[in-house]
Amino acid sequence: MRFTNLLAPAMLGLALLAGCDENDTVAPSTARAYNQIQRLGNPLVSEVFLAKRSHPVHGSTGPAQDVALISAELKGFVANVAGRNTTVQNTLAAVLLPDELIIQTDKDPGSAGWLSWALANGWGGRKLTDDVVDAGLDAIFGPLLDPNNTSPGLESDHVDANDVPFLTSFPYLAAPHS
């Protein structure tokens, strides 16, 4: 009786294994393709440095192509519009390209800030209260990267506070204006 109780489950297991073929695979019935619509790792890259005609290329390619495709345009903006020298052009291109967010989780979260990972060995990312527009304008036009080569008057948007308080719990962002 005891042998029979063990034999039935063993036979069932063998029958199931015999029906399995290691080469059987289950694949989706249709191929799927995804179209990348836009990419904004750092909005200043596409919204400030690149001409509108360059947005479709930047938005449809990945960060691996950024240096080859948009470095010259970024440096051209910094040179011709911002009037900055080669050192500032190269520094901005080096820290902004590829256009992706970099967060170093092995760093002190208190060091979070725009470009902090590149310029100050910080955590990267940003706090909601960071004025990234002023920080970006300061890097592009102001003394952040070269105090001897600036475009005075262009290093602030003069918006110094959020117009609606942030929430105290997730998602933290204030409701959008209607």
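Computed from the coordinates by the stated procedures, all read-outs in this text should not be read as laboratory data. Bear in mind that the values here come from a model prediction, so they are computed numbers and not experimental data. Heads up, the Cβs are rebuilt from the backbone with ideal geometry, glycines too, and the neighbour counts pull from every protein chain shown.
Just to verify a number: FRET efficiency for A68 and D146, C-beta to C-beta distance, R0 = 22 Å, to 0.05?
Values: r = 26 Å, r/R0 = 1.19.
Plugging the Cβ-Cβ distance into 1/(1 + (r/R0)^6) gives 0.25.
Please give the contour-minus-distance gain from V164 to E47: 0.36 nm per residue of separation, less the Cα-Cα distance, rounded to one decimal in nm.
Working: separation 117, 0.36 × 117 = 42.12 nm, distance 2.38 nm.
Extra length available between V164 and E47 comes to 39.7 nm.
Would you mind ranking F77, F166, F49, F141 by Cβ crowding within 10 Å, fewest neighbours first? Kindly include the intermediate steps, with their values, before the conclusion.
Working: F77 18, F166 12, F49 27, F141 22.
Ascending Cβ contact count within 10 Å gives the list F166, F77, F141, F49.
So what is the orientation-averaged projected area of region 83-143, using the convex hull of its C-alpha atoms, in nm²? Intermediate values should be presented prior to the final figure.
Details: hull surface 17.6 nm².
If you wrap the Cα atoms of region 83-143 in a convex hull and average its projections, you get 4.4 nm².
I want to check the label-to-label distance for L119 and Q104. Put each point 7 Å from Cα in the C-beta direction and report it in nm to one decimal.
Those two pseudo-labels are separated by 1.5 nm.
Lysines within cross-link reach of K127: Cα-Cα under 22 Å, excluding same-chain residues under 8 positions apart?
Of all the lysines, those that pass the test against K127 - Cα under 22 Å, at least 8 places apart if same chain - are K107.
Would you mind computing, in nm to one decimal, how far apart the modelled labels at N85 and D130 are, each placed 7 Å from Cα along Cα→Cβ?
2.7 nm
Under a crude label model (7 Å from the Cα following the beta-carbon direction), how far is A94 from L173 in nanometres?
That separation, rounded to one decimal, is 3.3 nm.
Tell me, H55, H177 in order of fewest to most beta-carbon neighbours within 10 Å?
Working: H55 14, H177 6.
Ascending number of Cβ neighbours within 10 Å: H177, H55.
Please state, as a whole number in µm²/s, the translational diffusion coefficient that the Stokes-Einstein equation yields for region 43-141 at 37 °C and 0.692 mPa s, with Rh defined as the Kirkwood radius across alpha carbon pairs. Walk me through the numbers before you get to the answer.
On the way: Rh = 14.0 Å.
For the chosen part, D equals 234 µm²/s.
What ranking of V88, V57, V133 emerges when the number of other C-beta atoms within 10 Å of each C-beta is taken as an exposure proxy, fewest first? Mind dumping the intermediate values first?
Details: V88 22, V57 13, V133 16.
Result, fewest neighbours first: V57, V133, V88.
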